[in-house]
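Below is one structure, written out as structure tokens; comments come after it.
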Amino acid sequence: DALPIFYKPDLSSEYPVVDGKLSIECYFSALDQCYSVYRKKINEQQKRDEISKPFTLSEFQHMIFHTPFCKLVQKSLARLMLNDFLSDSSANTESGIYQGLEAFRGMKLEDTYSNKELEKALLKASQGVFNEKTKPSLLLSTQNGNMYTPSVYGCLASVLAQYSAQQLAGSRIGAFSYGSGLASSMFSLRVSQDTAPGSPLNNLLSSLSDLPERLEARKRIKPEQFADIMKMKEETHHLANYTPQGSVSDLAPGTWYLTQVDEKHRRFYSRRPPTEKEAVHQ
């Protein structure tokens, strides 16, 4: 059932209602359950292939998450490590990645969501793994904030923009997708081994290679100007027979934008012409 953690009971308002504490607990609970199901499926597959080693986080070269805010992602990566740790009764806590976790060995997952001592120990233990597998995926989220629906794919784009085809070839990228109401899934992507010039992988990476430059090309405005833009958005929310005001010259090439809302609240859009490079990849 859907849970009221991030929702819009007042449809006349531009903004949702958020239960922050419950929302984070639900996110972690969904992550735990999705990872459990994913590992079970992979372990069954590996058993058929006569591979006895159980699946762990180490088999993901990259791990990306739905990203409301970046600290939650770091804690989420740590929770995947916790899942692996609690599943391994012989895990070494004197050295290696589980060092410092001995005191938490017998805990149940459902009792860990608000344990600050465990959280602190997990963040310390998982820092290196986070830096390697997940931090690169936060390039866009760090600078743009929460993108909501495309969040996990913004993380994927961030990874693809920072590595070469040779570095990514054959790698497994884990992904956790999450939405309001507790809808969630975990899946993985296997990167192609074909790194030849003109290959789909090379073309994809080429289309994202200027992502840092695009971020740097954004226009800076004063906080007061941003506040005015948000105020206008609030005042025009749900208006009919409305033509948006303002210049589109600052929009990036290829951007779709609203041009009209008619009397029946039908919305009409136009698009700025894409660059020659973007047009080639469409």
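The values are calculated or read from the model by the stated rules, or taken from the named source; none is laboratory data. Just so you know, these numbers come straight off a predicted model, no measurement behind them. Reconstructed Cβ throughout: ideal geometry from the backbone, glycine too, with neighbour counts over all protein chains shown. Note: areas computed on protein heavy atoms with side chains; ligands, DNA, RNA excluded. Shrake-Rupley method; radii C 1.70, N 1.55, O 1.52, S 1.80 Å.
Before moving on, here are some points about what is shown:
- Sole exception among (1) in contact with a Cys (Cβ under 8 Å, 6 or more places away or on another chain); (2) small (G, A, S); (3) more than 30 Å from P197 (Cα to Cα) for S137, by number: (3)
- Failed criterion for Y257 (all others in (1) open to solvent by 80 Å² or more (accessible area, probe 1.4 Å); (2) touching a Leu at 6+ places or on another chain (Cβ under 8 Å) hold): (1)
- The range 155-167, residues that are in contact (Cβ under 8 Å) with a residue 60 or more places away in the chain and surrounded by fewer than 21 Cβ atoms within 10 Å (Cβ to Cβ): L156
- Filtered residues of the range 212-234 (kept if hydrophobic (A, V, I, L, M, F, W, C), closer than 28 Å to T134 by Cα and open to solvent by less than 60 Å² (accessible area, probe 1.4 Å)): L215
- Of the criteria (1) open to solvent by 40 Å² or more (accessible area, probe 1.4 Å); (2) in contact with a Lys or Arg (Cβ under 9 Å, 6 or more places away or on another chain), which one G170 fails: (1)
- The criterion of being among the β-branched types (V, I, T) and in contact with a Pro (Cβ under 8 Å, 6 or more places away or on another chain) does not hold for V129.
- Candidate set from the range 31-58 (those that are farther than 15 Å from F176 by Cβ and within 21 Å of the chain's Cα centre (by Cα)); member that is most open to solvent (accessible area, probe 1.4 Å): S58
Per-residue answers, yes or no, for (1) at pLDDT 95 or above; (2) more than 29 Å from I5 (Cβ to Cβ); (3) of a type in the set (V, I, T):
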residue	(1), (2), (3)
S164	yes, yes, no
G179	no, no, no
A183	no, no, no
F187	yes, no, no
T195	yes, yes, yes
D210	no, yes, no
A217	no, yes, no
I221	no, yes, yes
I229	no, no, yes
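- On the stretch given as the range 235-249, residues that are assigned to a helix (DSSP H, G or I) and open to solvent by 90 Å² or more (accessible area, probe 1.4 Å) total 1.
- Condition broken by S177, with the remaining ones in (1) in a loop (DSSP other than H, G, I, E, B); (2) surrounded by 13 or more Cβ atoms within 10 Å (Cβ to Cβ) satisfied: (1)
- Exclusive hit being within 30 Å of K21 (Cα to Cα) and either in contact with a Phe, Trp or Tyr (Cβ under 9 Å, 6 or more places away or on another chain) or open to solvent by 50 Å² or more (accessible area, probe 1.4 Å) (or both), set S184, S209: S184
- When residues of the range 93-130 are limited to those that are among the polar types (S, T, N, Q) and surrounded by 12 or more Cβ atoms within 10 Å (Cβ to Cβ), the one farthest from the chain's Cα centre (by Cα): T93
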